[in-house]
Structures are given as C-alpha cells and as structure tokens.
Amino acid sequence: MKITAIDTWAEHMALEEPYQIAYERVESATNVFMRMETNAGITGCGCAAPDRHVTKESADSVLSVVQNIAAPYLKGKDPLRYSLHLERLKRFLKGHPSALACIDMALYDILGKVCGMPLWKLLGGFRTRIKTSITIGIIPVTDTVARAKEYVSQGFSAIKLKGGLNLDEDVQKVAGVREAVGGKIELRFDANQGYTVDEAVRFVKKTAPFRIELIEQPTPAGNAHLLGKISRSVPIPVMADESVHSLRDAFRLARGDLIDMVNIKLMKVGGIHEALMINAVSRSAGLEVMVGCMDEAALGIAAGLHFALARPNVLYADLDGFLGLKNDSTRNAVILKKGTLYASNAPGLGFEL
C-alpha cells in the first residue's frame, strides 16, 4: 500500500458564544482538515487545530508545512509504517505540533481501516465511554452560576471553571456554583497560568469547603518549578497543561515530582503516537492523565477520545472543544449523551471527510 495524494484545506468556524480565559478572548477557530489517499482505496482523515498561544501555529503555517514538507515526504510511502514516518516528520516539523497531529491522525485512521477495527480497540480498548467536563470561560459570577445550572440540566456532571484574572472573584464563582449544583457535581478549576504561587495556594485554601477536584496550570508554563511549590503546599492535585508539550517535558516534570496530573492534548504534543509515550511516562511516575483539547472540530475530538478510551490511566476527559463551533462539518465524528462521550465502532476514527 502506498500514499498517493494528500489534500488539506482550512475551515473557519465561529463560536456560538465567544469566551474569555486568563490570557485571551476567543471568538472563532480555524481548523485544517486532511484527506490522505492510498492506492488501496483507503482514505485517512486528519484535523489540526492550531493556536497561536499554545501550539504557536496558524492555519496558514499548518497548510504550508504539510504541503511543502510533509506531503512530498509521504507520497509513495507505506502508511502502515507510521512510527517511522512520524519520527522522521517530528524533526522536519519541529514547532508545528498540530500539523504533526493532523498527519498522525490520518495515518492511524488508515491503520484502523486496514485492520477493520475502531482505533480505540486497536490501541487497547480499555473502556467504551468516558465522561467529559464542560468548560465555563471567564464571565461574571451570576452568569457563571446560571451557566453551570444549565449544563447540569443537560446531563453534564463535571464542570471546569476558567479563572486566573481575579482571585476573589474566582473564589466567589466556585462557592456560587457549588451551592447551585450540589455536592455530586465534579468541579475543576483552570487558572491558565494566571496565578502566582501564593495566589494559587490561597485560592485552594479558600475554596476548600467547596471541594475543587483539581487545579490546572495555575502558574506560567515557563517556570515549571513553580508547579512543584504549589503541589507540595496544597491537598488537591495540581495538573500541568501548557507546561507539557513533549515527552521530554513530561519526563522532567515527573522526575522532579512537580505535579500530580498531566493534561495531554493531541494538538499540543503532536498526535496519538507522542501521546502514548507521554502517557507511559506519566503512568510510570504514578501521574493521572486527562485528555484535553483545543477549539477543535469533532474529528479532532474523536482522535483524543479514541486515545482516552484505550489507556487505563487516562481517568479524565476535557473534550468539549467542538460543542460551541458553528458549522462543524465533522460534528457526527463523536457521540455525546448526557455528558458522556462514545466513539464510533466503525474502523479507524469512524468518520469520512
């Protein structure tokens, strides 16, 4: 089997409702889609969700490196030798993780289709479904509480609150949401690098009565040692997100005993191939794993979901990035029922572009 053609194109999708996090306001997302064709009539699908803050990419840069570097390399190659190709392309596409993730997805999609198996089973098939949290951006306290109640009424049982701009207001939101939704709903908090060490510790202490499940990336990503100071000072898990872009990052954090949890995003680390290795390091260090996402179409979410379902220590999912996207042509790539995500049982990623 040989790769015969690679088509890529960008689709701009507005958000049904713009949102604010600690370092930016987001109103839309542009994803890049890929069709990788073979001479066996099997086509692999991929998706990139570049982000100028997290992946340091744009849709134009993804299209450029795929068309000018990756496609010429891949044409004529056997797609089933995905490990060889991804390791080589990792060098060529350094600094372009979502572009690599897009290629990674398409290669794994072809592998699943050749084997006649859904990817989550091919990778291990540990579980058949996983609960996802749903995120509330930085909005006023009363609006946050109202939004949380709405999501719970839709069946979601895990809510992630964004913060990091105003500690006192963040505490009010946690208190208000907990009172509104009751004690059974899981509450998670993401400061998106907005706190100092002292602020993060004070936040955890002040919200202790309201049972926050975890705190995600409270301090700047460039100073990973700060996460260690927090994790040694608070009783709840501290999760690294923006601090983990590679296997090397995960190893350093684990070796230094700086964190309790890792948020693996395929777009940030370069796809399933790299995610599996980061997950292995995390498991060896006793770290729990969450699979997260960017503002990505359901096809990208599907790849993260297949990975999450396959591995036993992936205990959490934050795969809600597709929910607010208008005109997502891949919306049926995943199945969402009352806050729980199910993958297709069709071969590969289970979706055709």
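Observations on the structure shown:
- Candidates Ala298, Ala101, Ala146: whichever shows maximal mean-square fluctuation once the chain is modelled as a Gaussian network with Cα springs under 10 Å: Ala146
- Counting all C-alpha pairs of segment 208-342, share separated by more than 18 Å (%): 54
- Summarising the label geometry, the points placed 7 Å from Cα in the beta-carbon direction at Arg91 and Cys115 lie 2.7 nm from one another.
- Simple point charges give the picture: +1 on the Cβ of Lys and Arg, -1 on the Cβ of Asp and Glu, and for segment 164-241 a dipole about the Cα centre of about 300 debye.
- Shape analysis of segment 1-138 places it in the oblate category; the axes a ≥ b ≥ c from the Cα gyration tensor give an a/c of at least 1.5, with a/b not above b/c.
- For segment 185-240 versus segment 242-303, the gap between their alpha-carbon centres in whole angstrom: 18
- Label-to-label distance, Ala280 versus Arg52, with points set 7 angstrom from Cα along the beta-carbon direction: 3.7 nm.
- Among (1) 20.3; (2) 21.3; (3) 21.8, the entry derived from the coordinates for Kirkwood radius over Cα pairs in Å: (1)
- Along the axis of the charge dipole computed for the chain (Cβ charges of +1 for Lys and Arg, -1 for Asp and Glu, origin at the Cα centre), the listed residues Ser243, Ala343, Leu111 are led at the positive end by Leu111.
- Radius 14 Å from Cβ of Asn68, net charge of other residues (Lys, Arg +1; Asp, Glu -1): 0
- Sorted on the mean count of surrounding Cβ atoms within 10 Å across their residues, most packed first, peptides 201-214, 81-94 read 201-214, 81-94.
- Take the Cβ atoms of Leu165 and Ala5, set R0 to 35 Å, and the FRET efficiency comes out at 0.15.
Every number in this text was worked out from the coordinates using simple rules, so none of it is lab data. Because the structure is a prediction, the values reported are computed rather than measured. Every residue, glycine as well, gets a Cβ built from its backbone with ideal geometry; the counts of neighbours run over all protein chains shown.
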